[in-house]
Every structure is written in structure tokens, then in C-alpha cells.
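S.K.: Below is a structure I'd like to ask you about.
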Amino acid sequence: MKRSKGMVLVDNYWIPKSQAKKFLETRERCAVEATLIMGEFCEKVERCWAGSEDGEAVVGTDQHGEIVCLIHLDPGKIVIMEKAVNEGRLKEYISGTN
């Protein structure tokens, strides 16, 4: 992968260095919130696929190990999730994405 000046690689996504710390903090906050919400209706919730081509995701499965809910933690999703968290609508957002 080509290096980009002024950018840092987070998972498989180039983030401006000036925004990387905030992105990582926001991603962590959103992942924790999503994990708590998914825990209400999923048997097991975990973070998966760090370093993969699609990047890390929060994945909820049922008692048979089948995926019930999945949210990627890519930069675009984090912007949407952060807004939903701030507005108290993350549960609604998660329900609508699956």
C-alpha cells in the first residue's frame, strides 16, 4: 500500500494525521456503545476482522453462531454512528442496518 503524506493508516483506511487520535477515540466509543446495544439481542458480541481488507467490525451472533448484526468500524460508518450516539439513536441505527 502506498504511503500518503500527512496520513496515517488505521486498519485499512488512510486517516489524516491531525484527525487520527479523535477518530480512534470516537471509533472506540462507538464500538463500546454498539457492543452494549447488540448485547441486548445477540447471544455473543465481539470485535472481529481487525487488519482485514474490510477493517474491524462489531459482530453479534445468535446461539448457533450465525451473524445477527454486523457493523463495520470504517471512517464513514463512524461518522454516522457518532451522530447517532450523540442524538441517542444508536439503537435505532443499529436496528435499521441489519
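S.K.: For K22, list the aspartates and glutamates whose Cα falls under 20 Å from its own Cα; do not include residues on the same chain fewer than 8 positions away.
M.R.: D11, E33, E56, D74, E82, E87
S.K.: Treat each spin label as a single point 7 Å out from the Cα along the C-beta direction, and report the E28 to M7 distance in nm.
M.R.: Here the modelled spin labels are 2.4 nm apart.
S.K.: For V68, which sequence-distant residues (separation of 5 or more, or a different chain) have an amide H within less than 5 Å of its own amide H, given hydrogens modelled in the peptide plane?
M.R.: G60, T61, D62
S.K.: I would also like to ask the following. When the label point is put 7 Å from the Cα of Q19 along its Cα-to-beta-carbon vector, which residues of region 56-98 have a backbone N closer than 14 Å?
M.R.: 74-83
S.K.: Once amide H atoms are placed 1.01 Å from N in the peptide plane, what residues at a sequence separation of 5 or more from M7, or on another chain, have their amide H within under 5 Å of its amide H?
M.R.: It is K17, by chain and number.
S.K.: Provide the per-residue ³J(HN,Hα) series for region 54-68, in order, calculated from phi with Karplus coefficients 6.51, -1.76, 1.60 and θ = phi - 60°, each as a whole number of Hz, with x at glycine and proline positions.
M.R.: Ordered by residue, 3J(HN,Hα) equals 7, x, 5, 8, 9, 10, x, 10, 8, 5, 9, x, 7, 5, 9 Hz.
S.K.: Within 10 Å, at most 10 other Cβ atoms, and a DSSP state outside H, G, I, E, B define an exposed site. Report the longest part of the chain free of exposed trypsin sites (Lys or Arg not before Pro).
M.R.: That gives 6-98 as the longest site-free run.
S.K.: Given the rule -39500 (n - 2.57) for each run of at least 4 DSSP H residues, summed and divided by the residues of the chain, what is its mean residue ellipticity at 222 nm, to the nearest 500 deg cm²/dmol?
M.R.: -14000 deg cm²/dmol
S.K.: Considering the dipole of the chain built from charges on the beta carbon (Lys and Arg +1, Asp and Glu -1) around the Cα centre, which of Y13, V85, G96 is farthest to its positive end?
M.R.: Highest projection toward the positive end goes to Y13.
S.K.: Once you keep just the Cα pairs under 8 angstrom separated by 6 or more residues, what percentage relative contact order results for the chain?
M.R.: 22 percent
Coordinate-derived values only; no laboratory data. None of these values were measured; they are calculated from a predicted model. Cβ: placed from backbone, ideal geometry, glycine included. Neighbour counts: every protein chain shown.
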